[in-house]
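Data first, discussion second: the structure below is written as structure tokens.
Nothing in this text is a laboratory measurement; each read-out follows from the coordinates by a stated rule. These numbers were taken from a predicted model, which means no experiment stands behind them. Backbone-built Cβ (ideal geometry, glycine too); neighbour counts: all protein chains shown.
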Amino acid sequence: MEHFKYFLIICTGFLLSCNSDDEPKKDSTSGKIIFNFEHFADGKVLDLDNLKYTNAAGNDYEVTEVQWFISDLTLHKSDGSKMQLGGEDFSHYIDTNIPSTYQWELPDEIPAGDYASISMVFGIKGEKNIPFYYTDSPESNMAWPINLGGDNGGYHYMKLNGFWMNANSERQPFNFHLGVGQERDADNKIIGFIQNWFEVELPASAFSIMANEHKSINIRMNVEKWWDQPNEYDFDYYGPMTMQNQEAMAAGVENGQHVFTIGSVVTVPSE
Ligand SMILES: [Cu+2]
């Protein structure tokens, strides 16, 4: 009997300590964010596999698929403080062939209040872009050749594939792929690598969130802007492939500052 009493005390103590450790910290002063991703062209939802678009350089083109990484999403307050989202899940993969990738539900508790802006990294920062980091598809299919990217260029930032009508009026495939670039000597031998990821502050991304509120924020890729300004991107000049062409990728990266906008911010009823 005495033993049994001790057993009960130990058990209860164990359960109590377990409970207090495992209980998720329910913060009644915070909300949650869900990001949704959408692809637009010329101000409307991107119509895939339809050769009906014309870029700034006058190339008629179509898009067959867009596959890309976003990472290090960060909320900024007007006092300069910031909060990086996602924790260990610092990146998210988006694929027009896999609609389930269009949503990224952040685990973070977002303190209630006003936020001045949202910033994002297009692609993955070099120190996190480690070869063989992603072991499962579809992310693993984004691997960037090690000879073209080195130890900090493990994955494509984006594969944007399609066709354009070339100077000979032929429908020619293009692979507008962005990732780590190469520095080459006069003999075209690779002598270094160039990080092409970039950070962008999303225009008009101020929002506020209340306690227990869920915000659904749409991040929009405006596809035509990859080829618009400041560099009018002519496929007849740059050619169908970009991966070994730093000049082409640099033009895309500069234009990339104008590619992303906020589609909408909606408060969704929480469960
Ligand atoms: Cu590629």
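Scanning the range 221-271 for residues that are touching a His at 6+ places or on another chain (Cβ under 6 Å) and surrounded by fewer than 15 Cβ atoms within 10 Å (Cβ to Cβ) turns up VAL268, SER270. For the range 151-164, the set of residues classified as over 29 Å from ASP60 (Cα atoms) and away from the ligand (no atom under 16 Å from the Cβ) consists of ASP151, ASN152, listed by residue number. For the residues LEU46, LEU85, the requirement of being surrounded by 11 or more Cβ atoms within 10 Å (Cβ to Cβ), hydrophobic (A, V, I, L, M, F, W, C) and either more than 20 Å from the chain's Cα centre (by Cα) or within 13 Å of GLU224 (Cα to Cα) (or both) singles out LEU46. Among residues of the range 165-188 being closer than 25 Å to ALA41 by Cα and either within 25 Å of the chain's Cα centre (by Cα) or within 16 Å of the ligand (Cβ to nearest atom) (or both), the one that is surrounded by the most Cβ atoms within 10 Å (Cβ to Cβ) is GLY179. In the range 88-130, of all residues being of a type in the set (Ser, Thr, Tyr) and under 11 Å from ASP72 (Cβ atoms), the one that is surrounded by the fewest Cβ atoms within 10 Å (Cβ to Cβ) corresponds to SER119. Being buried (at least 18 other Cβ atoms within 10 Å of the Cβ), within 21 Å of VAL253 (Cα to Cα) and within 13 Å of the ligand (Cβ to nearest atom) is not true of LEU148.
With respect to the conditions (1) under 20 Å from ALA56 (Cβ atoms); (2) more than 16 Å from the ligand (Cβ to nearest atom), THR242 falls short on a single one, namely (2).
Taking the numbered list (1) within 23 Å of ILE34 (Cβ to Cβ); (2) away from the ligand (no atom under 16 Å from the Cβ); (3) aromatic (Phe, Trp, Tyr) in turn, PHE122 passes all entries but (2).
Cβ separations smaller than 6 Å between residues 6+ apart or across chains give the following pairs from the range 173-184 residues that are farther than 12 Å from GLY149 by Cβ to residues that are within 12 Å of the ligand (Cβ to nearest atom): PHE174/PRO240; ASN175/ASN161; ASN175/MET241; PHE176/LEU160; PHE176/THR242. If I ask for residues that are acidic (Asp, Glu) and assigned to a helix (DSSP H, G or I), which ones from the range 220-260 would you list? Once the filter is applied, which keeps residues that are acidic (Asp, Glu) and assigned to a helix (DSSP H, G or I), the range 220-260 yields GLU224, ASP236, GLU247, GLU254. Across the range 196-217, not a single residue is classified as of a type in the set (Lys, Arg), touching a residue at least 12 places away in the same chain (Cβ under 8 Å) and either within 16 Å of the ligand (Cβ to nearest atom) or assigned to a loop (DSSP other than H, G, I, E, B) (or both). In the set (1) part of a strand (DSSP E or B); (2) among the hydrophobic types (A, V, I, L, M, F, W, C); (3) more than 11 Å from the ligand (Cβ to nearest atom), PHE132 fails one condition alone, (1).
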